[in-house]
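> Pasting a structure here, questions to come.
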Amino acid sequence: MTIELPGEDGGTRAYEPRAEPAAFAPAGAPAASRTAFAAGHVVADPSAGPGAAALDWDATLAFRRHLWAYGLGVAEAMDTAQRGGGLDWPAAAELIRRSSAEAKSVGGRIACGVATDQLDAAGAAHTVDEITAAYEEQLAVVEESGAQAVIMASRQLAARAASADDYHEVYGRLLRQAAEPVILHWLGPMFDPALDGYWGSSDLDAATDTFLDIIAAHPDKVDGVKISLLDPAREVALRRRLPRGVRCYTGDDFHYPELIAGDDRGFSHALLGVFDPLAPLAAEALRVLDTDDTRRFRALLDPTVELARHLFQAPTRHYKTGVVLLAWLAGHQEHFTMVGGAQTARSLPHLARAYQLADTLGLFPDPERAEARMKTLIAGRGGAT
């Protein structure tokens, strides 16, 4: 049996899906040598009206249990969950509370995003005090839920900040009051153009210095930093300058195998959106790395990079569409509907290629179901099957 997949050139190509999935059993216990979070997507409620930030809670929480079953931590209410792209703060707060309660019930690790998205988009109109207060409100929700906080980059602060001093003031106030060590998230403009010039400069060397100065002033309040710049050399250089005990969590969905494997001077942990669809395979690779078998680790994870680069190709901020497609094809949800209609953000040929790459890796527990659903999607968008 073959499926006709639409190509970018307007034609189609025949593809024969694999007959059996790859066999990766749930691990249960987390990996010992690396701390790894998967940034989880949310499942929209398909009965909600256009533009509504309504979620299918049962399916959303079931997917988190899937991630925990493979020993991965869940990074909740991050950009993979459409923060700032359809999921508003009231829905994100409810997501944080529900997921944190679920984590407690199953013994899963969870870290939740803290941002300023309850403010309107006109960031320059907000004072530094207002932005700090918005951060504080969200930090309180995360801490009250019992989750670890991930201090995300703020569009409003990026628009308002006049210099690096404003970042020192806002982050200093947050870190001084944080009850437990947090993860600081540096999200590059390829993921969100509104974050260009974060840390007070578009010069990445100057921005890095400011970032590291903030960490150095509060090392006991920083568990780690998540770096999403898609620049492995810069991540390694920054990683080597971190204070002792502060982890580097790679958010580089293009170069994660080499960064997690590391070198003789250290390695990165992981907080990755691509670990959402890769959870079974990524967990197996991390278990192998626990045995110091770096070659086997790379043999498992390196072949996934082609899929990751495809999902995260420019415009990178639309990667979530491919992630949710793969969750639907894998049977984790019963529809391909996203908050805010984001399922239309990628072309049919792009989605078809994502299906093929994921199937080649054996990521679909039921390849026949994935093929049937892909055929339905192609037919529904006017393509031949």
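The values are calculated or read from the model by the stated rules, or taken from the named source; none is laboratory data. Owing to the predicted nature of the structure, the values given are computational and were not obtained by experimental measurement. Reconstructed Cβ throughout: ideal geometry from the backbone, glycine too, with neighbour counts over all protein chains shown. For the accessible areas, the whole protein counts, side chains as well, though only heavy atoms, and no ligand, DNA or RNA atoms are used. Shrake-Rupley method; radii C 1.70, N 1.55, O 1.52, S 1.80 Å.
> Do we have Pro189 as within 19 Å of Ala216 (Cβ to Cβ) and either open to solvent by 40 Å² or more (accessible area, probe 1.4 Å) or modelled with pLDDT under 95 (or both) here?
On the way: within 19 Å of Ala216 (Cβ to Cβ): no; either open to solvent by 40 Å² or more (accessible area, probe 1.4 Å) or modelled with pLDDT under 95 (or both): yes.
It is false that Pro189 is within 19 Å of Ala216 (Cβ to Cβ) and either open to solvent by 40 Å² or more (accessible area, probe 1.4 Å) or modelled with pLDDT under 95 (or both).
> Residue check: is Ala38 within 21 Å of Ser145 (Cα to Cα) and surrounded by fewer than 19 Cβ atoms within 10 Å (Cβ to Cβ)?
Values: within 21 Å of Ser145 (Cα to Cα): yes; surrounded by fewer than 19 Cβ atoms within 10 Å (Cβ to Cβ): no.
Against the criterion (within 21 Å of Ser145 (Cα to Cα) and surrounded by fewer than 19 Cβ atoms within 10 Å (Cβ to Cβ)), Ala38 does not qualify.
> If we scan segment 290-297, do we find a residue that is open to solvent by 40 Å² or more (accessible area, probe 1.4 Å) and among the hydroxyl-bearing types (Ser, Thr, Tyr)?
The first filter runs over segment 290-297 and keeps only residues open to solvent by 40 Å² or more (accessible area, probe 1.4 Å), leaving 290-296.
Within this subset, residues satisfying the condition of being among the hydroxyl-bearing types (Ser, Thr, Tyr) are 291, 294.
Within segment 290-297, one or more residues are open to solvent by 40 Å² or more (accessible area, probe 1.4 Å) and among the hydroxyl-bearing types (Ser, Thr, Tyr).
Results for (1) closer than 25 Å to Leu157 by Cα; (2) more than 18 Å from the chain's Cα centre (by Cα), shown as yes or no for each residue.
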| residue | (1), (2) |
| --- | --- |
| Ser33 | no, yes |
| Arg65 | no, no |
| Ala92 | yes, no |
| Cys112 | yes, no |
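> Identify all residues within segment 156-181 that are crowded, with 23+ Cβ neighbours inside 10 Å and farther than 14 Å from Trp199 by Cβ; write none if there are none.
Scanning segment 156-181 gives a single hit, Gln156.
> Being touching a residue at least 12 places away in the same chain (Cβ under 8 Å), open to solvent by 70 Å² or more (accessible area, probe 1.4 Å) and not β-branched (Val, Ile, Thr): is that true of Ala29 here?
no
> Next question. Tell me the helices (runs of 4 or more DSSP H) entirely within segment 109-222 that contain at least 1 residues that are touching a Cys at 6+ places or on another chain (Cβ under 7 Å).
Details: elements: 128-145, 155-160, 164-177, 204-217.
By residue number, 128-145.
> Among the listed residues Leu259, Leu230, which satisfies the condition of being at positive phi and buried (at least 18 other Cβ atoms within 10 Å of the Cβ)? Quick ask: steps written out before the conclusion?
Working: Leu259 fails: at positive phi.
Result of the check over Leu259, Leu230: Leu230.
> While we're on this one: Kindly indicate which of Leu361, Leu348, Leu357 is touching a Lys or Arg at 6+ places or on another chain (Cβ under 6 Å) and surrounded by fewer than 22 Cβ atoms within 10 Å (Cβ to Cβ).
Details: Leu361 fails: touching a Lys or Arg at 6+ places or on another chain (Cβ under 6 Å); Leu357 fails: touching a Lys or Arg at 6+ places or on another chain (Cβ under 6 Å).
Selected residue: Leu348, the only one of Leu361, Leu348, Leu357 that is touching a Lys or Arg at 6+ places or on another chain (Cβ under 6 Å) and surrounded by fewer than 22 Cβ atoms within 10 Å (Cβ to Cβ).
> Then there's this: Please enumerate the residues belonging to segment 58-88 that are of a type in the set (Val, Ile, Thr) and over 24 Å from Ala121 (Cα atoms). Even if it seems obvious, please write down each step before you answer.
Taking segment 58-88 and keeping what is of a type in the set (Val, Ile, Thr), we get 60, 74, 80.
Thr60, Val74 - these are the residues of segment 58-88 that are of a type in the set (Val, Ile, Thr) and over 24 Å from Ala121 (Cα atoms).
> Going through Arg309, Arg373, Arg317, Arg369 one at a time, which residue ends up being under 18 Å from the mean Cα position of the chain (by Cα), open to solvent by 30 Å² or more (accessible area, probe 1.4 Å), within 26 Å of Ala14 (Cα to Cα) and of a type in the set (Lys, Arg)? Let's see the steps before the verdict.
On the way: Arg373 fails: under 18 Å from the mean Cα position of the chain (by Cα); Arg317 fails: within 26 Å of Ala14 (Cα to Cα); Arg369 fails: under 18 Å from the mean Cα position of the chain (by Cα).
Criteria check complete, one pass: Arg309.
> Under 23 Å from Phe336 (Cβ atoms) and at pLDDT 95 or above: which single residue out of Ala93, Ala81, Ala101, Ala53 fits that description? Let's see the steps before the verdict.
Details: Ala93 fails: under 23 Å from Phe336 (Cβ atoms); Ala101 fails: under 23 Å from Phe336 (Cβ atoms); Ala53 fails: at pLDDT 95 or above.
Going through Ala93, Ala81, Ala101, Ala53 in turn, the sole match is Ala81.
> Still on this structure, I have one more. Please go through segment 10-44 and give me each residue that is assigned to a loop (DSSP other than H, G, I, E, B), more than 23 Å from Leu272 (Cα to Cα) and at pLDDT 95 or above, ordered by number.
Listed by number, the residues that qualify are Glu16, Pro17.
> Let me ask you something else. Can you tell me which of Asp45, Asp129, Asp58, Asp117 is among the acidic types (Asp, Glu), within 20 Å of the chain's Cα centre (by Cα) and open to solvent by 10 Å² or more (accessible area, probe 1.4 Å)?
Values: Asp45 fails: within 20 Å of the chain's Cα centre (by Cα); Asp129 fails: within 20 Å of the chain's Cα centre (by Cα); Asp58 fails: within 20 Å of the chain's Cα centre (by Cα).
Selected residue: Asp117, the only one of Asp45, Asp129, Asp58, Asp117 that is among the acidic types (Asp, Glu), within 20 Å of the chain's Cα centre (by Cα) and open to solvent by 10 Å² or more (accessible area, probe 1.4 Å).
> Conditions first: (1) at pLDDT below 95; (2) open to solvent by 40 Å² or more (accessible area, probe 1.4 Å); (3) over 19 Å from Asp79 (Cβ atoms). Gly340 passes all but one, so which condition is the exception?
Against the list (1) at pLDDT below 95; (2) open to solvent by 40 Å² or more (accessible area, probe 1.4 Å); (3) over 19 Å from Asp79 (Cβ atoms), Gly340 comes up short only on (3).
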